[in-house]
Amino acid sequence: MTRSIPGPTSHSYYSQRLRLHYVDWGNEDAPPLLMVHGGRDHCRNWDWVAEAMRDDYHIIAPDLRGHGDSQWMLGGTYGQLDFVYDIAQLVHQKNLAPVTILSHSLGGMISLQYAGLYPENVKKLVAIEGLGFSPQRLAEREATPLPDRLQEWVDTMRGLSGRVPRRYASLEEAFQRMRTENPHLTPDQARHLTIHGSSQNEDGTYSWKFDNYVRAWPPYGLGQDELHGLWSRIACPTLLIRGTESWASDPVEDGRAAHFRNATVVNVEEAGHWVHHDKLDAFLGLVRDFLADEHPSA
């Protein structure tokens, strides 16, 4: 007889008066493992990783504000430090520290900043392309006069205010859009991500769950030197993963890895930005090896 394995349960917590959603994969007596998704994504993008690791860890995967089944910001500005605060609240409210973190893209940026703020709260940290844009691109942005950056932001926000979320006539149409976004996805992966990442509108069409305002890059935030200072405070072993077919630059070659006390950089061949989707088995092998000494059976 095939054993029936239940999926995760849905829960909510509050941060800055927002009701934020997360899923809990059970096994509460095991060490906590937090999985933080990337921009315009959702917590169920971790399902394949969570299913593989749920016997060894108590896995919690949140939907970031403005994403998945979490509430949207009133006003529409999504600052990175607000995301960091949300993660700090989740760790604090659920008493997860010291916690191990797996993260991707925006989730990696958030998790690295959190680990720099609270180094004692993180046991180990895996970030898939979580360092953000390359130093060259950030330098170009910082060289842009502040009034120009502010005007660009105002124009972007004004444009987004008039942007109607795209509506797909059917779930199949949304599924095809998902496949074009990442050609590495298998049909089953793309369908799963589409089902959990979209909602049906009253007229029967489908739209993605994320708030369009998350597309805007705020004109303010931490500078490169400030980010490097936070990274240098991270006390735990850190695994930085990159897909060789991604837009992200190599953190060894561009010098960013040097700002970490104890970081290992791995480039995964034939993978793009979503390494945990594109090369799931390779990713799980890397993570299990990295976590082996804290959980021998992982």
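Looking for whichever is aromatic (Phe, Trp, Tyr), at pLDDT below 95 and more than 20 Å from residue 127 (Cα to Cα) here; the options are 208, 217. Which one fits? Working first, answer last.
Values: 208 fails: at pLDDT below 95.
None of the other options fit; the residue is 217.
Taking the range 134-160, which residues are among the charged types (D, E, K, R) and touching a residue at least 60 places away in the same chain (Cβ under 8 Å)? Can you show your working first?
So in the range 134-160, the residues among the charged types (D, E, K, R) come out as 137, 140-142, 148-149, 152, 155, 158.
Scanning the range 134-160 gives 142, 149, 152.
Residue count for the range 89-108 satisfying the condition of being in a helix (DSSP H, G or I) and either surrounded by 18 or more Cβ atoms within 10 Å (Cβ to Cβ) or free of Cβ contacts under 8 Å to residues at least 40 places away in the same chain (or both): 6. Residue pairs whose Cβ atoms lie under 6 Å apart, sitting 6 or more positions apart in sequence or on different chains, and linking a residue in the range 10-29 that is within 17 Å of residue 42 (Cβ to Cβ) and touching a residue at least 60 places away in the same chain (Cβ under 8 Å) to a partner that is hydroxyl-bearing (Ser, Thr, Tyr) and in a loop (DSSP other than H, G, I, E, B), are 20/70.
Restricting attention to the range 167-193, the residues being more than 13 Å from residue 277 (Cβ to Cβ) and either modelled with pLDDT under 95 or of a type in the set (Ser, Thr, Tyr) (or both) number 3. Contact annotation: residue pairs with Cβ atoms under 6 Å, 6 or more positions apart or on different chains, pairing a residue in the range 257-276 that is more than 12 Å from residue 240 (Cβ to Cβ) with a partner that is assigned to a helix (DSSP H, G or I), are 271/278; 272/278; 276/49; 276/283. When residue 164 is tested against (1) loosely packed, with under 15 Cβ neighbours inside 10 Å; (2) within 29 Å of residue 243 (Cβ to Cβ); (3) at pLDDT below 95, just one condition goes unmet, and that condition is (2). With the structure loaded, tell me whether residue 161 is under 24 Å from residue 22 (Cβ atoms) and among the polar types (S, T, N, Q) or whether it fails that test. No. Within this structure, residue 206 passes the test of being more than 21 Å from the chain's Cα centre (by Cα), within 25 Å of residue 20 (Cα to Cα) and of a type in the set (Ser, Thr, Tyr). Against the condition within 19 Å of residue 200 (Cα to Cα), surrounded by fewer than 24 Cβ atoms within 10 Å (Cβ to Cβ) and modelled with pLDDT of 95 or more, how does residue 48 come out, does it pass? No.
Among the residues of the range 244-298, which ones are among the aliphatic types (A, V, I, L, M), closer than 24 Å to residue 138 by Cα and out of contact with any strand residue (DSSP E or B) (no Cβ under 9 Å at 6 or more places or on another chain)? Correct list: 258 only. Scan the range 142-155 and tell me whether some residue there is within 30 Å of residue 224 (Cβ to Cβ), of a type outside the set (D, E, K, R) and surrounded by 16 or more Cβ atoms within 10 Å (Cβ to Cβ). Yes, the range 142-155 contains a residue that is within 30 Å of residue 224 (Cβ to Cβ), of a type outside the set (D, E, K, R) and surrounded by 16 or more Cβ atoms within 10 Å (Cβ to Cβ). Screening residue 86 on (1) part of a helix (DSSP H, G or I); (2) touching a residue at least 60 places away in the same chain (Cβ under 8 Å); (3) of a type in the set (D, E, K, R); (4) over 26 Å from residue 193 (Cα atoms) shows it passes everything except condition (4).
The values are calculated or read from the model by the stated rules, or taken from the named source; none is laboratory data. None of these values were measured; they are calculated from a predicted model. In this analysis, Cβ positions are derived from the backbone assuming ideal geometry, glycine residues included, and neighbour counts consider all displayed protein chains.
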